[in-house]
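The values are calculated or read from the model by the stated rules, or taken from the named source; none is laboratory data. Predicted model only: the values in this text are computed from it and were never measured. Counting neighbours? That spans all protein chains shown, and the Cβs are built from the backbone with ideal geometry, glycine included.
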Amino acid sequence: MFVKSNRRAGLKVTLLVAALTGGLLLKGFIGAFEARLVFFPYKGEDENPGTLGIAYKSIALTTSDGERIIAWQLEPEDPIADVVYFHGNGGNLSVWMPVLQSIHALRLRVLAIDYRGYGLSTGAPTEDGVYRDAEAAVRHAVSNRTSGRPIIYWGRSLGGPIAASATRVARPDGLILESTFVDKAAVIRAHPLLRMLNFFAAYRFETEKMLRDYSGPVLVMHGDRDSVIPYRLGEELYQRLREPKRFARVGGADHNDLFDISRQAYWQPVVEFVRGL
């Protein structure tokens, strides 16, 4: 009986060691590929605001860990506010030129960055890395703003948690969160396998958690036919944020078609939000 007990104990130890080893191997595997599953950068620059006749400056920012981040500063005549724009996880600044052009047309002075590994920026993207990129962007924007003109951080999709992280560096006068989410776990909540794998993942992108100490005005916008970040996730984020806040439902809009310049349900809340600051 004593021998059998030792065998059982030995088997339990063997299974425990195997489980721990497997978990560590899985964590290492996910860590090696996590960035490729989250970030989809395009290298280079196909067009810039100058090709559309928009006055702008191309700026190189140095991050706290030494990467060189490229930013565009679009300069409208007689701007009414400054915007620091954080785009989604795909493309580069050239891909996002249509929305930047539309924001500029509203007389908003836009600073938009390409995260590390995107466009002409150096390095490779990670969660911690893009937060450092945001830090460099808002420090530059705050130090180069005109006194008395409001500054707004605008984060779209994965840019939502990135904009949220920036509020902890320098407080903006307003925050726009577009087509984004409470955290990464919420996005994969409906997928059991992904939920299990997320236990071993490093990235969290905790938008709401990073905003718990933020008490400034927030505009949350979401398309009600979003097939990438479901509409209910935008509603959930809105419910968890502090006042003052406003929610804009963009009827009939999917994830990547809601910012057409003719879509008033998207642009009118932006205009009203800026005027109210």
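In this entry, Leu120 is excluded by the filter for residues that are of a type outside the set (Phe, Trp, Tyr), in contact (Cβ under 8 Å) with a residue 40 or more places away in the chain and closer than 22 Å to Val274 by Cβ. Summed over the range 37-54, residues that are over 20 Å from the mean Cα position of the chain (by Cα), without any contact (Cβ under 8 Å) to a residue 60 or more places away in the chain and either on the phi < 0 side of the Ramachandran plot or surrounded by 14 or more Cβ atoms within 10 Å (Cβ to Cβ) (or both) total 8. The number of residues in the range 107-136 being within 20 Å of Phe40 (Cβ to Cβ) and outside any loop (DSSP other than H, G, I, E, B) comes to 11. I'd like the full set of residues that are more than 13 Å from the chain's Cα centre (by Cα), closer than 15 Å to Lys57 by Cα and not in a helix (DSSP H, G or I), limited to the range 84-106. Scanning the range 84-106 gives Leu93, Ser94. One residue stands out in the range 120-135 among those that are among the small types (Gly, Ala, Ser) and surrounded by 24 or more Cβ atoms within 10 Å (Cβ to Cβ): the one that is nearest to Gly159 (Cα to Cα), namely Ala134. Among the residues of the range 55-101, those that are of a type in the set (Ser, Thr, Tyr) and either surrounded by 22 or more Cβ atoms within 10 Å (Cβ to Cβ) or in contact (Cβ under 8 Å) with a residue 40 or more places away in the chain (or both) comprise Thr62, Thr63, Ser64, Tyr85, Ser94. Consider only pairs whose beta carbons are under 8 Å apart and that are at least six residues apart or on different chains; among these, list those whose first residue lies in the range 220-231 and is basic (Lys, Arg) and whose second residue is surrounded by 20 or more Cβ atoms within 10 Å (Cβ to Cβ). Cβ pairs passing all conditions: Arg225/Ala253. Within the range 249-269, not a single residue is within 20 Å of Ala166 (Cβ to Cβ) and either more than 17 Å from the chain's Cα centre (by Cα) or touching a residue at least 60 places away in the same chain (Cβ under 8 Å) (or both). Filter the range 128-151 down to residues that are touching a Lys or Arg at 6+ places or on another chain (Cβ under 7 Å) and of a type outside the set (A, V, I, L, M, F, W, C) and give me whichever is farthest from Ile70 (Cα to Cα). So the residue we want is Gly129.
Helices (runs of 4 or more DSSP H) fully within the range 180-277 that include at least 1 residues being surrounded by fewer than 15 Cβ atoms within 10 Å (Cβ to Cβ) and either in the same structural domain as Ala105 (by TED's automatic domain parsing) or modelled with pLDDT under 95 (or both): 192-198, 207-210, 231-240, 264-275.
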